[in-house]
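Taken together, the values in this text are just the output of simple stated rules run on the coordinates, not laboratory data. Since this is a predicted model, take the numbers as computed values, not measurements. All Cβ positions, even for glycine, are placed from backbone atoms using ideal geometry, and neighbour counts span all protein chains on display.
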């Protein structure tokens, strides 16, 4: 990744973010009754880096994927991410009051509505990838939904959150910490990449290389997250800083120190770039740039 | 529906319930980590009438549907139902401690684990209908998932729950009460019927007749539920009796009295039978019997 391409990447990123924002605004139903639609839109719109949608769109671009399928998959992944944040912020979980610089959904709409909004967002994620207008080939839609269901469920994101709950106060070693994050945040980030690739044609070695790229992105994202939790303030993060340390949660920083964690993040991102090069995809520039973006992010 | 067929129906019902129980036990992953799998299995196994799976299986039978698809759809619908109960019982919702005669999931496993178990069960419902072994035609799998996502989401079950939350203490009239229940419980019951029909071939008039049958079943189920809430005790119901009245929630009994509600349930069930007759399906005996079963249930 050459720094000279950053202006180009920045323009691409903003264009894609706007497309995702517009699509989410169109597809997240304000017409769900009794205020539920409002809570769902509040949870999803006007915030977030949209890293997962960007990974879907960049991977789709790299394999020449179907644009309509890629946009729907990008939004679906973001809805799963958004619902997980709504539930994760609830008092019985992390009990957080600030998210993306705004009061969390349960603070704004009450716990019951937050619970329902999260539930409805998960259902909507699948519905989005199953339009009945014939715009997505059924086999592609089925594959996308299968990957998303696995990444979100008990052997994916939800399973990782369960491990996280059970780990507070425990002295996890690095393999255990990585196993937790591979599920908790890694599964959905990796699925973003493989789902994007599923909107086009990719041979088995390319798919395998993209899986490794996705796994490295997932791990690097979490290491950087742990670094930011101790180095950034709440205003920059848009969420409560220092909460992992306060909750006595094991992190990459508590395990390997700040410098060690930064070096580790760099090494893992190097592996992401290497996997991409091995994929021999001709249009992988934005996937390379997204790896750097994950490494350089400040919130 | 002739009473003479009841022994036959009873045997069919038990056989199907056993098949569903065995399939759920096989498919609800005990291997989700950190106790999550245990909480998921606790929420799903050894309880419940399995009315929704029975509707799926009877509708599939009536149209000569694919057995593997029908069993997967039956279990998927039950997982959505089970997750909704887990979340609905939580302190921020109905705050219920007893379900199917056992402590509710959040009482047994804690609120955080209950929240995650519900989330993971919803994802698993979709995953179940998307096996990657080619046993379900992709177009059928996509159609099943689409129907389930719509029935579960903001314009279906979750939307109905939001209306329910907003209705406590309000004097809903009958159309408003029915509109709420059409979403809250009706959408999933109706989807059970239409999903079963989607595992085979049914022409448009048959599908429409089955939709009306499903809608009537959904409405009758709720009217009977309201009747049982005031006539049955907690031990028989396996959940807390009288809680709707205690919560000052509008019900069909509060609106039309006990006798009026019973007469209404009978009339709606008559409409279910009439819709079935109009469907001209040759093998609709078990769908007829399920309508009567809904009307006669004691818990």
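Before moving on, here are some points about what is shown:
- Space enclosed by the convex hull of the alpha-carbon atoms of chain B, per residue, Å³: 121 Å³
- GNM flexibility winner over chain A from A:269, A:115, A:210 (Cα, springs under 10 Å): A:115
- With label points defined 7 Å past Cα in the direction of Cβ, position residue A:95 shows copy-to-copy spacings of 1.7 nm, given to one decimal and shortest first.
- Sorted from nearest, the other copies put their residue B:274 label points 7.3 nm away, the label point being 7 Å from Cα in the direction of Cβ.
- Inter-copy label distances at residue B:133, using a point 7 Å along Cα-to-Cβ, come to 3.7 nm with the shortest given first.
- Exercise: per-residue mean of other protein chain Cβ atoms within 10 Å, A:35-46: 2
- For chain B, built as a Gaussian network whose Cα springs stay under 10 Å, the top-fluctuating residue of B:256, B:157, B:40: B:256
- Full-stretch length increase - residue A:11, residue A:208 - with 0.36 nm per residue and alpha-carbon distance subtracted: 68.0 nm
- If you take the Cα centroid of segment A:40-70 and the Cα centroid of segment A:255-285, the two points sit 21 Å apart.
- Value of Rg to Rh for the protein assembly as shown, rounded to two decimals, is 0.99; Kirkwood radius and Rg both from alpha-carbon coordinates.
- Sorting A:78, A:278 from the fewest to the most surrounding beta carbons within 10 angstrom yields A:278, A:78.
- For segment B:1-141: rounded, prolate or oblate by the Cα gyration tensor [a/c cutoff 1.5]: oblate
- Listing A:102, A:184 from fewest to most neighbouring C-beta atoms within 10 Å gives A:102, A:184.
- Taken over segment B:142-228, the percentage of Cα pairs per 10 Å bin, counting from 0 up to the bin with the maximum distance, is 18, 46, 27, 8, 1.
- Sorted peptide list for B:162-175, A:118-131, B:124-137, criterion being average Cβ within 10 angstrom, highest first: A:118-131, B:124-137, B:162-175
- Across segment A:3-296, the mean sequence separation of Cα contacts (distance under 8 Å, 6 or more residues apart), normalised by length, yields a relative contact order of 21 percent.
- Per residue of B:124-133, other chain Cβ atoms within 10 Å of the residue Cβ number 6 on average.
- Selected from B:117, B:204, B:191 as most flexible by GNM, with chain B as the system and alpha-carbon contacts under 10 Å: B:204
- Ascending count of other beta-carbon atoms within 10 Å, so fewest first, for A:288, A:273: A:273, A:288
- Shielding by partners for peptide A:105-117, expressed as the average number of C-beta atoms from other protein chains within 10 Å of each residue's C-beta, is 4.
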